[in-house]
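Worksheet: the structure to be examined is printed underneath.
The values are calculated or read from the model by the stated rules, or taken from the named source; none is laboratory data. Predicted model, so just to flag it, every value in this text is computed and none were measured. Every residue, glycine as well, gets a Cβ built from its backbone with ideal geometry; the counts of neighbours run over all protein chains shown.
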Amino acid sequence: MADPLDLQIRHYFSGREYARRQVLPAGHYAESHRHNFDHLSILASGKVRVTVDGTATEYTGPECLIICAGQVHRIEALTDSVWFCVHATDETDPDNIDHQLIEG
């Protein structure tokens with residue numbers, strides 16, 4: 001059995017803002033999902049393919065994108081990449097944040 005991939009996830013909270021950082025090694029991806037609210041995504045470094053509702057676009061960082069509420073999206077790292085999602089929320093517990101932000 002392979003060791004689980006360490007995405008080096010970090011959580012940042014400031015007022016009503018939340019940012020989640022993850023490091024995606026080349027060839028890996030963030031699972032398809034959708035959020036309850038529009039949010040910003042920031043590609044700090046690297047090159048990724050972002051698929052939103054079936055349409056794929058490649059980005060090279062640094063880049064900032066808007067992901068609209070309800071859009072199914074997936075991020076695939078084409079090179080080693082650092083990706084942030086930024087949300088407005090009152091939640092400050094990393095263990096509960098996904099329940100507040102991800103549709104499901």
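Quick one: in region 63-88, of everything that is out of contact with any Asp or Glu (no Cβ under 8 Å at 6 or more places or on another chain) and of a type in the set (A, V, I, L, M, F, W, C), which residue is surrounded by the most Cβ atoms within 10 Å (Cβ to Cβ)? Once the filter is applied, the top-ranked residue is I75. Before we move on, is E91 surrounded by 15 or more Cβ atoms within 10 Å (Cβ to Cβ) and more than 14 Å from the chain's Cα centre (by Cα)? Yes, satisfied.
Residues checked against (1) charged (D, E, K, R); (2) at pLDDT 95 or above:
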{"site": "R20", "(1), (2)": "yes, no"}
{"site": "N36", "(1), (2)": "no, no"}
{"site": "H39", "(1), (2)": "no, no"}
{"site": "G54", "(1), (2)": "no, no"}
{"site": "D80", "(1), (2)": "yes, yes"}
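The residue pairs whose first member lies in region 81-99 and is closer than 17 Å to A69 by Cα and of a type in the set (S, T, Y), whose second member is assigned to a loop (DSSP other than H, G, I, E, B) and at pLDDT 85 or above, and whose beta carbons are closer than 9 Å, counting only pairs six or more residues apart or on different chains, are T89/R16; T89/F37. Within region 6-15, one or more residues are assigned to a strand (DSSP E or B), under 14 Å from L101 (Cβ atoms) and in contact with a Ser or Thr (Cβ under 8 Å, 6 or more places away or on another chain). Note on region 20-44: residues that are closer than 13 Å to W83 by Cα, small (G, A, S) and surrounded by fewer than 16 Cβ atoms within 10 Å (Cβ to Cβ) total 2.
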